[in-house]
Amino acid sequence: MINYRSLRVALLGGGTVGAQVARILLEHRDELTSRIGATLDLVGIAVRDLKAPRSADLPKELFTTDAESLILGSDIVIEVMGGLEPARTYILQALNSGADVVTANKALLANHGPELFAAAEQVGAQLYFEAAVAGAIPIIRPLRDSLAGDRVNRVMGIVNGTTNYILDAMDATGSSFDDALAVATELGYAEADPTADVDAFDAAQKVAILAGLAFHTHVPLDKVHREGIRSVTGQTVDFARKAGYVVKLLAIAERVTDPDTGEEGVSARVYPALISREHPLAAVRKANNAVFVEAEAAGSLMFYGAGAGGPETASAIMGDVVSAARRHVIGGPGQAESSYATIPVLPISHITTRYHVTLSVADQPGALAAVANVFSTHGVSVELVEQGVLGTEAVQEAEETTATLVIGTHAALESDLASTVTALSQLDAVRSVVSVLRIEGA
Ligand code: NAP
Ligand code: HSE
């Protein structure tokens with residue numbers, strides 16, 4: 001009989017994700033031992049409330065409210081509590097004691113990543129975070145390892161399951177925003193405060209992490225442009241469908257050229273955008289996520305799968321736990337953070353994309369020409385114009401005097417589009433600017 005070395009594993013958090021991590025550690029203990037060459041001993045699960053119900057049947061004696069005692073003497077600490085504090089303090093304690101840490105906490109990484117990575121590097125410990133972006137989908141490791149020899153130019157994806165669930169339900173079943181959010185929460189996809197999902201804080205944190213990895217540079221969270229999905233109404237979704245598009249909350253990180261200096265910059269942004277129904281991202285349904293990576297030599301790669309949920313996220317955590325455990329068995333330095341490049345993060349005004357502008361205009365001669373003139377004056381090239389195809393309730397009420405004008409543009413600078421929209425709203429012929437949506441994924 002082989003006498004396997006034992007590795008002490010502390011679990012901080014026993015909620016949606018934590019309970020599933022504990023279940024896998026206990027149920028697959030023997031198999032994991034064979035894969036690692038050491039036994040993973042779950043020494044305890046730190047929670048706030050010892051009486052709270054758990055999604056898995058776990059031994060009561062494992063639960064404790066004393067996280068610090070669990071951390072002391074552990075080889076691997078798994079942080080699935082969420083939030084900034086005390087998670088940050090616990091992770092620093094764990095790293096400083098020499099433990100490797102596995103976390104799913106994108107909020108913490110996006111806010112305090114450099115501090116945590118520096119602490120890890122100082123003591124030669126490792127900080128793993130595959131579960132922090134896109135749930136079960138392996139995307140951190142591909143960016144960090146598999147594409148380490150290539151040059152990534154763009155990452156575009158759906159990285160928030162809750163908002164994709166909501167937008168998909170609104171598109172597929174005509175469900176209301178509130179009903180769809182309630183189901184997503186019930187299914188365990190939403191954050192404790194769903195504002196993090198709906199207002200795209202969660203997706204912004206994830207795109208900051210992805211951009212940092214993709215471009216080997218630090219992307220501060222406050223430099224990520226963020227627009228959530230509260231402005232997306234049933235009517236917007238309807239507009240999009242009739243025009244052959246679907247609305248998705250897209251997280252985009254790309255290399256861009258600064259239009260002012262001609263120097264290279266990085267853009268990191270998240271907003272609801274239109275994508276063609278033919279685009280592969282349009283087929284990402286329910287709480288699934290997908291990430292497109294465009295790299296110089298590899299070309300386009302797509303990573304797809306479950307972006308949230310207890311067992312799904314636990315799978316990504318466990319991959320990291322096995323990596324950490326193997327490092328303990330075999331040794332070696334593991335991987336340091338790679339943020340040697342200091343590329344400026346450019347504001348949204350500096351990006352170039354296509355736009356879909358819906359106007360309510362006076363139905364009279366010269367209105368179209370006046371509108372077209374505004375676009376051309378501000379350097380925005382119009383690709384297509386459709387009149388009266390997509391009505392709004394407001395427009396329909398005043399049918400005799402107004403018409404709907406839908407303008408699709410060629411790629412244009414965001415600052416030029418913004419001045420176009422301001423000028424349009426001041427035009428006599430324009431009753432209102434009904435919506436302005438970006439079009440991505442040509
Ligand atoms: P959750 O269901 O709210 O669970 C949080 C757990 O942490 C609970 O067991 C809670 O204890 C415990 N906890 C919170 N604060 C604590 C404290 N101060 N001391 C001790 N224990 C504490 O959260 P979750 O959905 O599992 O998410 C955990 C982490 O994974 C978050 O960082 C989240 O962003 C990330 N994540 C979640 C998903 C997902 O689909 N849910 C996907 C990817 C990443 P009680 O149970 O006693 O309240
Ligand atoms: N609330 C997040 C989501 C969980 O809906 O995607 C996964 O990070």
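The values are calculated or read from the model by the stated rules, or taken from the named source; none is laboratory data. Owing to the predicted nature of the structure, the values given are computational and were not obtained by experimental measurement. With ideal geometry, Cβ positions are generated from the backbone for all residues, glycine too; neighbour counts draw on all protein chains shown. The protein model used for the area step is the full one, side chains on, heavy atoms only, and it has no ligands, DNA or RNA in it. Shrake-Rupley method; radii C 1.70, N 1.55, O 1.52, S 1.80 Å.
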> Is there any pair with a first residue in the stretch 160-179 that is under 17 Å from VAL284 (Cβ atoms) and a second that is within 13 Å of ligand 1 (Cβ to nearest atom) and assigned to a helix (DSSP H, G or I) whose Cβ atoms are under 7 Å apart and which are 6 or more apart or on different chains, and what are they?
Replying inline: ASN160/ASP197; ASN160/ASP202; ASN160/ALA203; THR162/ALA184; THR162/ASP197; THR163/ASP197; TYR165/ALA184; ILE166/ALA184
> Taking the stretch 185-196 only, how many residues are more than 10 Å from ligand 1 (Cβ to nearest atom), in a helix (DSSP H, G or I) and either open to solvent by less than 60 Å² (accessible area, probe 1.4 Å) or in contact with a strand residue (DSSP E or B) (Cβ under 9 Å, 6 or more places away or on another chain) (or both)?
Replying inline: 1
>> Quick check on this structure: which one of LEU109, LEU84, LEU143, LEU167 is under 19 Å from the mean Cα position of the chain (by Cα) and in a loop (DSSP other than H, G, I, E, B)?
In response: LEU84
>> Can you report the number of residues in the stretch 271-298 which are open to solvent by 30 Å² or more (accessible area, probe 1.4 Å), away from ligand 2 (no atom under 12 Å from the Cβ) and assigned to a strand (DSSP E or B)?
In response: 3
> What number of residues within the stretch 90-104 satisfy the criterion of being open to solvent by 10 Å² or more (accessible area, probe 1.4 Å) and over 16 Å from ILE45 (Cβ atoms)?
Replying inline: 5
> Among (1) away from ligand 1 (no atom under 15 Å from the Cβ); (2) outside any helix (DSSP H, G or I); (3) open to solvent by 40 Å² or more (accessible area, probe 1.4 Å), which single condition is ALA172 missing?
Replying inline: (2)
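For (1) in contact with a Lys or Arg (Cβ under 9 Å, 6 or more places away or on another chain); (2) within 16 Å of GLU227 (Cβ to Cβ); (3) modelled with pLDDT under 95, each residue gets a yes or a no:
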position: ALA243; (1), (2), (3): no, no, yes
position: ALA251; (1), (2), (3): yes, yes, no
position: ARG255; (1), (2), (3): yes, no, no
position: PRO259; (1), (2), (3): no, no, yes
position: VAL266; (1), (2), (3): yes, no, no
position: VAL270; (1), (2), (3): yes, yes, no
position: ALA273; (1), (2), (3): yes, yes, no
position: ALA287; (1), (2), (3): no, no, yes
> Among the residues of the stretch 348-370, how many are among the hydrophobic types (A, V, I, L, M, F, W, C), open to solvent by 10 Å² or more (accessible area, probe 1.4 Å) and more than 13 Å from LEU405 (Cβ to Cβ)?
Replying inline: 1
> Which numbered condition trips up ALA200, out of (1) at negative phi; (2) open to solvent by less than 10 Å² (accessible area, probe 1.4 Å)?
Replying inline: (1)
>> Test of understanding: among VAL17, VAL9, VAL101, which residue is closer than 16 Å to MET318 by Cα and within 11 Å of ligand 1 (Cβ to nearest atom)?
In response: VAL17
>> Here is a check on your reading of the model: is ALA211 away from ligand 1 (no atom under 16 Å from the Cβ), in a helix (DSSP H, G or I) and of a type in the set (A, V, I, L, M)?
In response: yes
> Restricting attention to the stretch 32-81, which residues are within 8 Å of ligand 1 (Cβ to nearest atom) and either loosely packed, with under 15 Cβ neighbours inside 10 Å or at pLDDT below 95 (or both)?
Replying inline: ARG48, ASP49, LEU50, ALA52, ARG54, THR65
